[in-house]
Structures are given as C-alpha cells and as structure tokens.
Amino acid sequence: MTLASLAPGDIATILSVGGNNRAARMRLMELGLMPGTLIKMYRISETYDLLALQIRGFELVIRLEDAWHIEVDQLNKMQVY
C-alpha cells in the first residue's frame, strides 16, 4: 500500500521510499520520510494534489505524485497505543 492510498486519520509506518528520481527520493528522506517512521495522514487538499501529514511532531505537506512512491504499512488504532 502506498501513502497516497491512506485516508485522513489513518496511521501508518513507512516501509520504503522509492521512485526513479534519486534526487526526489533523497529530498523526501531529508524531510523525515524514512523507513520505520510513524506517520498520520492529516488532510488532503480539495484538488487532491497535496497531502498533509503529521510526522515526528510537525506537519509536512507533500505532492500526491511523491506519495505514490512511498510504501507504508497501515496500522489500526490498537497497534498505535
């Protein structure tokens, strides 16, 4: 499952950051999107081209295009607490 397929309120762990563009992959990892990181889908823009995430205590907005390259494992609420 990819980050782009999460709904607002969903919580997941990042499994991998992929994509063919090495520079874009490195940029995402520099922003904190590293394997093993817990994230929460916070909101989706009205045009569905931007996703707002809560990660490591801050809010990060990324493009939907980038979210398709991030593999995640969705957690249920009981796994988080």
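The values are calculated or read from the model by the stated rules, or taken from the named source; none is laboratory data. Please read these numbers as outputs of a predicted model, since none were measured by experiment. Heads up, the Cβs are rebuilt from the backbone with ideal geometry, glycines too, and the neighbour counts pull from every protein chain shown. Note: accessible area is taken over every heavy atom of the protein model, side chains too, but ligands, DNA and RNA are not part of it. Shrake-Rupley method; radii C 1.70, N 1.55, O 1.52, S 1.80 Å.
So here's what we get for this one:
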| item | result |
| --- | --- |
| Every residue from the range 46-70 that is open to solvent by 70 Å² or more (accessible area, probe 1.4 Å) and under 15 Å from MET1 (Cα atoms) | GLU65, TRP68, HIS69 |
| Looking only at the range 1-24, and only at residues there that are assigned to a helix (DSSP H, G or I) and of a type outside the set (A, V, I, L, M), the one that is modelled with the lowest pLDDT | ARG22 |
| Long-range neighbours under 7 Å by Cβ, at least six apart or interchain, first residue free of Cβ contacts under 8 Å to residues at least 60 places away in the same chain within the range 1-12, second open to solvent by less than 20 Å² (accessible area, probe 1.4 Å) | ALA7/MET41; PRO8/MET41; GLY9/MET41 |
| Pair list, Cβ under 7 Å, 6 or more apart: the range 18-45 residue open to solvent by 80 Å² or more (accessible area, probe 1.4 Å), other residue part of a loop (DSSP other than H, G, I, E, B) | TYR42/PRO8; ARG43/PRO8 |
| Total residues in the range 1-53, condition aromatic (Phe, Trp, Tyr) and in contact with a strand residue (DSSP E or B) (Cβ under 8 Å, 6 or more places away or on another chain) | 1 |
| Number of positions in the range 25-60 that are assigned to a loop (DSSP other than H, G, I, E, B) and not basic (Lys, Arg) | 13 |
